[in-house]
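The values are calculated or read from the model by the stated rules, or taken from the named source; none is laboratory data. Just so it is clear, the model here is predicted, and its values are computed rather than measured. Note: ideal-geometry Cβ built from the backbone for every residue, glycine included; neighbour counts use all protein chains shown. Surface areas here come from the heavy atoms of the whole protein model, side chains and all, with no ligands, DNA or RNA. Shrake-Rupley method; radii C 1.70, N 1.55, O 1.52, S 1.80 Å.
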Amino acid sequence: QSPEMTFLSSSDSYRIKIGSDGRMQLNDISDTSQDEMQQPYFLCVAEENDLSSITRLTIDAFGTDTITLSDGIQGLERMILTPPVGIWNTYSDYVALTEILSGLRKRTRRQRMLPEQTADVSRPPVDKCSTAEECIAIAMESSLVLVLAREKVKNAKNGEESIEVDAIATVELQLQPTDGKIPFTQPWLDTLERRIAKFLGIQSGNGRQLQPYLSNLCVAPSARGKGLGRALVRCVECLSRDTWGYSKIYLHVDLENTSALNLYKSEGYRDVGFRWNPFWAGRAAIIGYFVKNL
């Protein structure tokens, strides 16, 4: 288990600095003044209190149109969630926020079960599983979400100060089967879709092999062009290789998103060569599936 990592002020709090090579360095700032603490940004493992800020950052970076159910699902998924989808789209921003926040909480359940103000960046305990399904279930609640942020002090109504997080970048690292399927915000949908595909005899890649998977990389519009996205990519690569002990990492990228595609290619990612392409996949079947040897 790693040293304590948190955004919340405490006498023994730690922060993480990220270098240009993507490596994390612990920095004890317990003696740092309050004014100085408000200035720098630090990379930390997300806690429960950080998830709302990460959710809002994700919506601001990607927009509700890419998150709401009307544009985020196709075919089979649309049938699964109808008729509620029609009602939810009336409140697109609320739905997007609720969906992302709910999904984050489910995917980070293992991390959130730890004592307050602690973080565990070790490999998810999938080696102890007896079946592939059990391993996937553990992986689905063991995501590691990193967020680049700084503390922001606000005055509460009762006169007491409260600490909020000003997040400008985030990335998620998890274990996923290497079958090319794009994970949904809600993990139960992934389980359902894989079961249906297996029943119909539709398979691609290796649905039983779990490998590191980079997702949900986003940087606030005001903070782009500073190399933050590249640094976060290198950071999760280091975690995957040096801490989790893997030699490959996978991701999905929209081939029409030129900036993201160029970033990943320049970092050594290459097209796997196949897609998750059941007959209901729709546009998801043309999203690029990339891998990098670490």
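For this structure, a couple of remarks:
- D50 open to solvent by less than 30 Å² (accessible area, probe 1.4 Å) and either modelled with pLDDT of 75 or more or more than 24 Å from V219 (Cβ to Cβ) (or both): yes
- Just one of the numbered conditions (1) open to solvent by less than 30 Å² (accessible area, probe 1.4 Å); (2) over 30 Å from F42 (Cα atoms) is not true of R194: (1).
- Applying the criterion of being part of a helix (DSSP H, G or I), at pLDDT 90 or above and of a type outside the set (G, A, S) to the residues of the range 253-294, the residue that is most open to solvent (accessible area, probe 1.4 Å) is K265.
- Looking across I73, I67, one residue alone is under 26 Å from E141 (Cβ atoms), open to solvent by less than 10 Å² (accessible area, probe 1.4 Å) and either modelled with pLDDT under 50 or not small (G, A, S) (or both). It is I73.
- The lone exception for R150 - which of (1) over 14 Å from the mean Cα position of the chain (by Cα); (2) assigned to a strand (DSSP E or B); (3) modelled with pLDDT of 85 or more it fails: (3)
- Only one entry in Y213, Y250, Y246 is open to solvent by less than 30 Å² (accessible area, probe 1.4 Å), in contact with a helix residue (DSSP H, G or I) (Cβ under 7 Å, 6 or more places away or on another chain), in contact (Cβ under 8 Å) with a residue 40 or more places away in the chain and closer than 29 Å to K128 by Cα, namely Y246.
Let's see how each residue does on (1) touching a Lys or Arg at 6+ places or on another chain (Cβ under 6 Å); (2) closer than 30 Å to V165 by Cα:
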| site | (1), (2) |
| --- | --- |
| Q211 | yes, no |
| S222 | no, yes |
| C235 | no, yes |
| C238 | yes, yes |
| T243 | no, yes |
| S259 | no, yes |
| N277 | no, no |
| A281 | no, no |
| I287 | no, no |
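- Any chance S240 is part of a helix (DSSP H, G or I), crowded, with 18+ Cβ neighbours inside 10 Å, in contact (Cβ under 8 Å) with a residue 12 or more places away in the chain and among the hydroxyl-bearing types (S, T, Y): yes
- The numbered conditions (1) in contact with a strand residue (DSSP E or B) (Cβ under 9 Å, 6 or more places away or on another chain); (2) closer than 22 Å to I168 by Cα are all true for S259 except (1).
- Hits in the range 181-200 - residues which are part of a loop (DSSP other than H, G, I, E, B) and in contact with a helix residue (DSSP H, G or I) (Cβ under 9 Å, 6 or more places away or on another chain): K181, I182, P183, F184, T185, Q186
- Residue list for the range 162-191, filter: within 15 Å of the chain's Cα centre (by Cα), modelled with pLDDT of 80 or more and either farther than 20 Å from V126 by Cβ or surrounded by fewer than 20 Cβ atoms within 10 Å (Cβ to Cβ) (or both): A167, I168, A169, T170, V171, I182
- Matching option when the condition is surrounded by 14 or more Cβ atoms within 10 Å (Cβ to Cβ), over 21 Å from D190 (Cα atoms) and modelled with pLDDT of 70 or more, among A132, A119, A139: A119
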